[in-house]
1. With every protein chain left in place and a probe of 1.4 Å, what is the accessible surface of residue 174, to the nearest 10 Å²?
2. For segment 275-327 and segment 158-191, what is the separation of their C-alpha centers, rounded to whole Å?
3. What distance in nm separates the simple spin-label points at residue 29 and residue 104, each placed 7 Å from Cα in the Cβ direction?
4. Please compute the per residue accessible area over segment 273-314 with all protein chains in place, 1.4 Å probe, rounded to a whole number of Å².
5. In square angstrom, what is the accessible area per residue of segment 31-169 with a 1.4 angstrom probe?
6. Starting from the Cα gyration tensor of segment 155-288, take the square roots of the eigenvalues, sort them a ≥ b ≥ c, and report rounded, prolate or oblate (rounded when a/c is under 1.5, otherwise prolate if a/b is larger than b/c, else oblate).
7. For segment 73-164, max minus min Cα coordinate along each principal axis, in Å, sorted largest first?
8. If you place +1 on the Cβ of every Lys and Arg, -1 on the Cβ of every Asp and Glu, and leave all else neutral, what size is the dipole of segment 65-224 about its Cα centre, to the nearest 20 Debye?
Amino acid sequence: MSNTPPSTVLPGLRFKQRFPLLSLIVERCVLSLVLLFAVSILIFGGLEALPGDFATTYLGQSATPQAVANIRADLGLNRPITTRYVEWLGNAVHGDFGTSWASKNSVSEQIGKRLGNSLFLAAFAALISVPLAVGLGMLAVHFRNRLPDKIINVISLAAISLPEFFIGYLLILFFGVKFGIATFPATVYDGMDLLDRLKAIALPTATLVLVVLAHMMRMTRAAILSVMSSAYMETAELKGLSAYRAIVKHAAPNALAPIINVVALNLAYLVVGVVVVEVVFVYPGMGQYMVDAVTVRDMPVVQACGLIFAAVYILLNMIADILAIVANPRLRHPR
C-alpha cells in the first residue's frame, strides 16, 4: 500500500469525480492544442523537405548559383530550420504570417479577404445542407424499407460516388453553359450586393451541398434507426405512439451525439475541402489562393493556408466532441 499522502494524489481525481463534464471538456481543449502544435511541425517540416525551392523557381533554370544564394539569404532560408520554425510559429500565434515571396504583400491581409469568401461559401452551403440532411434522414427512417427510403438511398449513393470536380463540371455544363441560368466563373468582390453575391456562388454552393448532403443524411438515418431498434422505443410503439412522434420526440434527441459528430465533420470539410470546388469555379477563396501559391512555391502563403485549414478542422472537431459530451445525459447528471 502506498504511503503517499492522499492530498498529493487525489486532487485531479476528485476534480474528475466532482466535475466529469468540465474535466472532459478541458481535456478535449488541451488535446486539440497539442494536435495543432504537432500539425504545425508537420506543415513546416514537410514543406521544407520538398525538393526545389522558391529561389530557383523565381529566377528560372538559367540562374547562377550566386543569384540563387543571394535570394535565399534575403529570404532567410540559410538560417537553421528550428530557428525559422520558432520564429514563424511565434509570429503566427500573433496573426502575422509574414510577407508573400511572390507578391511582396502581407499574407495576413490577403488571407483575411479570402478567408471571408471561403467562410461565406461554406456557411451558405451548411445553411442549406444541414437542415436538409437531417430532414431527409428522418424522412427515410419514417418510410424505411419503402419507396421514399429507397429513392433517397439510391440518390445519396450516387452523390457520394461522384467526385466534387465532376459534379462541379456537370453543373457548369448544364446550368452555366446550356441553360445560362447560373453565373460562371463565381467571381465576388468587396462591396458586392448580397443578392449578386448569392447568385455568383449558386453553382459552388450546389456542388458542396450535393457532396456533403448524402453523407450527413445517411449517417442521420443510421443513428436514428439504431435508437429505434432499442427496447424502450419498441415498447413505446407497442403502446400506440405514432411513428412520427417516436422519431421526432424520442429517437432524434437520443441520436443527437452521432448526428452532431457527422455534421461537424462535414462542416469541417466545407471549409477545408473546399479547395477543389474553388479551383473549379475560379472562386477567390483560401483554396484558390493556396493552389496559386503552390504553383510558384510561395511557402509563407502555403504554410499559412495549411495552418489555418488545420486549425479550422481541429476546432470544429473539438466543438463536435464538446457538444457530444454535453448531449450525454450521463455526464450532465452524474450520480
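1. 80
2. 21
3. 4.4
4. 28
5. 59
6. On the way: a/c = 2.74, a/b = 2.60, b/c = 1.05.
In terms of gyration-tensor shape, prolate.
7. Extents along the principal axes, in whole Å: 68, 25, 23.
8. On the way: 14 positive and 9 negative charges, 111 e Å.
Once rounded to the nearest 20, the dipole reads 540 debye.
The values are calculated or read from the model by the stated rules, or taken from the named source; none is laboratory data. Because the structure is predicted, anything quoted here is derived from the model rather than measured. Cβ sites come from the backbone with ideal geometry, for glycine too, and all protein chains shown count toward neighbours. Side chains are part of the model used for accessible areas, which takes the heavy atoms of the whole protein and leaves out ligands, DNA and RNA. Shrake-Rupley method; radii C 1.70, N 1.55, O 1.52, S 1.80 Å.
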